[in-house]
Amino acid sequence: MRAIALGLTVAVVCASRAAASDVNLFDRSTVQGTVSLGAASSDDIASWTHGGFGKTQFGKGTYGAASGEVVWRPELTDSLSLVIDGVAQTGFGRSIDFAEAYVLYKPVSADTTHVQARVGMLYPPVSLEHDSTPGEPWIVLDTITPSAINTWIGEEVKALGVEGAVERTFDPVAVSGTVSVFSHNDTAGTLLAMRGWAFSDAVATASGHARLPPLSDYAQAQSPHTDPVTSIDDRVGGYARLKLSTARGAVDLTVYDNNAALGVGRNGQWGWRTRFFNLGAVIPVNSATTLSGQMMDGHTEALIGGRSGYRFNLDFRAAYVRLVQQYGAESFTGRLDIFDTRSKHLAPGDLFYH
């Protein structure tokens, strides 16, 4: 939690130098939230969230579904604020926890160049389906659950880090670049390798963990759960993003590498060296219709049990296309997902007992 502690220290120092009129800690503009209620019934196999092999959040049985999210964004100065995102959910250990907690530096600028910096626990700017505006709840905008790509981003790709972004407008094109150095994401890839792609709106939290399906003898050194926000090897990783935007649409490319050390474990958690690139695009077809999509290709590997343990080596890829049609205040959304994982050293099914 050193990155969060550093960010909070910076915020306190800066806030102490600000005029009292610049500080806005509690009012209607600094707190917002969402509540989701529903029910699910299925005769499918048990979900992975309940220790089974199902790829959806709710498997065999009938369930009541409730979740909530509250974001507090106190403004410390005109340019500096905190973002604290608390969630209540099922499927990731603790039912109430923090999904994000960071310091946001975003100075007001009247020219064509804008800068922004974040320090703390945060999502990388990958998803095109969530509201990724700093200080807004990280919720899916047009569907009930996100795509396979962004389900996984919410589940495993979150870290403690320092992120900087610059945007420059060259009329009619806006160019933005984002870079980050982070830690505490060493286990990213565990769920993909031992469960595969899935669909849910469950998200990793500061101290939460996700259950894994029953493991085979190959992976008995692995804990029966995975901790997404954790550091095992004290190394840092990074990601970078480039985005081009015009009135006709936007395209972005993100490259991620957690730089985890292979064969290093702690309390049943192991380092997974995970790398991927993500290509996204948003195309306004007309004033009421928007076409968007993402494509991800990556690789993850681990040595479960240390240097003399079993090697897991997995390629993964996924893509989706989404069409949103607006009718007045309402909208209709359709999405097509394709995805797969390919193990280089294991036969299909070798990871699990059947």
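The values are calculated or read from the model by the stated rules, or taken from the named source; none is laboratory data. Here the structure is a predicted model, which is why all the values come from computation and not from measurement. Here Cβ is always computed from backbone atoms with ideal geometry, including for glycine, and neighbour counts include all displayed protein chains. These accessible areas exclude ligands, DNA and RNA; they are computed on the full protein's heavy atoms, side chains included. Shrake-Rupley method; radii C 1.70, N 1.55, O 1.52, S 1.80 Å.
Dividing the helix sum by the residues of the chain, where each DSSP H run of 4 or more adds -39500 (n - 2.57), gives a mean residue ellipticity at 222 nm of -2500 deg cm²/dmol. On the beta carbon distance between Val35 and Arg307, with R0 = 30 Å, the FRET formula returns roughly 0.05. The lysine pair tally for the chain, using Cα distances under 30 Å and a gap of 8 or more places or different chains, is 7.
For Ile283, the solvent-accessible surface with a 1.4 Å probe is about 80 Å², rounded to the nearest 10.
Among Arg322, Arg307, the sequence by solvent-accessible area, most first, with a 1.4 Å probe is Arg307, Arg322. The residues of the chain expose, per residue, 47 Å² of accessible area to a 1.4 Å probe.
Of the residues Gly268, Thr143, His130, the one whose Cα sits farthest towards the positive end of the charge dipole of the chain is Gly268 (charges of +1 on Lys and Arg Cβ, -1 on Asp and Glu Cβ, taken about the Cα centre). Here the stretch 92-152 is treated with +1 on each Lys and Arg Cβ and -1 on each Asp and Glu Cβ, and its dipole about the Cα centre works out to around 220 debye. Relative to the Cα centre, the charge distribution of the stretch 47-173, modelled as +1 at Lys and Arg Cβ and -1 at Asp and Glu Cβ, gives a dipole magnitude of about 500 debye.
To the nearest 0.05, how large is the calculated FRET efficiency for Glu330 and Ser132 if R₀ is 30 Å and r is the Cβ-Cβ distance?
My answer for the efficiency is 0.80.
For the chain, the Cβ-based charge dipole about the Cα centre amounts to some 660 debye (Lys, Arg positive; Asp, Glu negative; other atoms uncharged).
Projecting the Cα atoms of Ala319, Pro228, Asn278 onto the charge dipole of the stretch 208-354, computed from C-beta unit charges around the Cα centre, puts Asn278 farthest toward the positive end.
Relative contact order for the stretch 163-210: 24 percent, from Cα pairs under 8 Å spaced at least 6 residues apart, divided by residue count.
What ranking of Thr230, Thr290 comes out by heavy-atom accessible area, probe 1.4 Å, highest first?
Thr290, Thr230
The apolar share of the surface of the stretch 73-112, taken as the fraction of accessible area on carbon and sulfur atoms (1.4 Å probe, ligands and nucleic acids excluded), comes to 57 percent. Met194 contributes an accessible area of around 0 Å² to the protein surface, as traced by a 1.4 Å probe with all chains present. Per-residue surface analysis assigns Asp234 an accessible area of about 110 Å², computed on protein heavy atoms at 1.4 Å probe radius. Taking the C-alpha atoms only, the angle from helix 2-16 to the longest principal axis of the chain is near 10 degrees.
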